[in-house]
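The values are calculated or read from the model by the stated rules, or taken from the named source; none is laboratory data. Bear in mind that the values here come from a model prediction, so they are computed numbers and not experimental data. Heads up, the Cβs are rebuilt from the backbone with ideal geometry, glycines too, and the neighbour counts pull from every protein chain shown.
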Amino acid sequence: MFKILIVEDDKKMSEIILENIVRWGFEGHRVENFNDTFNDFVKYDPQLVLMDINLPSHDGFYWCGKIREVSKVPIIFISSRNTNMDIIMAVNMGGDDFIQKPFSLDVLMAKVNALLRRTYDYINAFSSVIEHQGVVLNLKDSSVIYNDNKLELTKNEFKILYTLMQDKGEIVSRDEIMRALWEDESFVDDNTLTVNINRLRKKLEDIGLKNYIQTKKGQGYVIL
């Protein structure tokens, strides 16, 4: 689920935006201590930021610059300021879009959805790792890293873990996993899948990941 950080000084406005974000199926978090905006960003680790320009202490341009020092996460500026200079500053500081207040919530969510889709479709196509709950799967060398322990996987073990991590939080059926393992017309039967999953579980346990892959009887497997 995508997480969205709301950096908006108008409490009522930020609450309305948060309600709308949740209604669309996203997670949201409102910054309340604007002196601690950057730490909120680091702790929450969002996939998108909605950033007002007029903020206490430091303005949105300042916080955008701080975020850009460590992250390329998409940032949408939302502001009542509408001069060409404000828009140019927003872009130059690393903003990806600009919405002038007052705005339609439907327009805001259309822009949010479009930016998330563009950003994360691109990133997923070229990313070299998948991370979940501190477990890092390296797509380049089929290895797993957890708590500084590195684990080498076979081709089948890698494909099983990749499939489950791609759909983390969702039950993946045995048939889906077997289709992922079907390559070059080499047949993978039900027993072969069981053997590979058991080996993968044993390897994960050896680096401290007990019960990382859970069985849902009669349904399949899931990583939570």
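Structure notes:
- Filtered by the rule that a residue be in contact with a helix residue (DSSP H, G or I) (Cβ under 9 Å, 6 or more places away or on another chain) and either closer than 17 Å to ALA114 by Cβ or outside any helix (DSSP H, G or I) (or both), segment 47-60 gives GLN47, LEU48, VAL49, LEU50, MET51, ASP52, ILE53, ASN54, LEU55, PRO56, SER57, HIS58.
- In segment 95-137, the residues that are over 20 Å from ASN20 (Cβ atoms) and at pLDDT 90 or above: GLY95
- Residue count, segment 175-188 (criterion: surrounded by 12 or more Cβ atoms within 10 Å (Cβ to Cβ) and at pLDDT 85 or above): 3
- Residue within segment 61-74 that is among the polar types (S, T, N, Q), surrounded by 11 or more Cβ atoms within 10 Å (Cβ to Cβ) and not in a helix (DSSP H, G or I) present: yes
- When ASN196, ASN191 are checked against the criterion of being free of Cβ contacts under 8 Å to residues at least 60 places away in the same chain, surrounded by 14 or more Cβ atoms within 10 Å (Cβ to Cβ) and over 26 Å from the mean Cα position of the chain (by Cα), ASN196 stands alone in meeting it.
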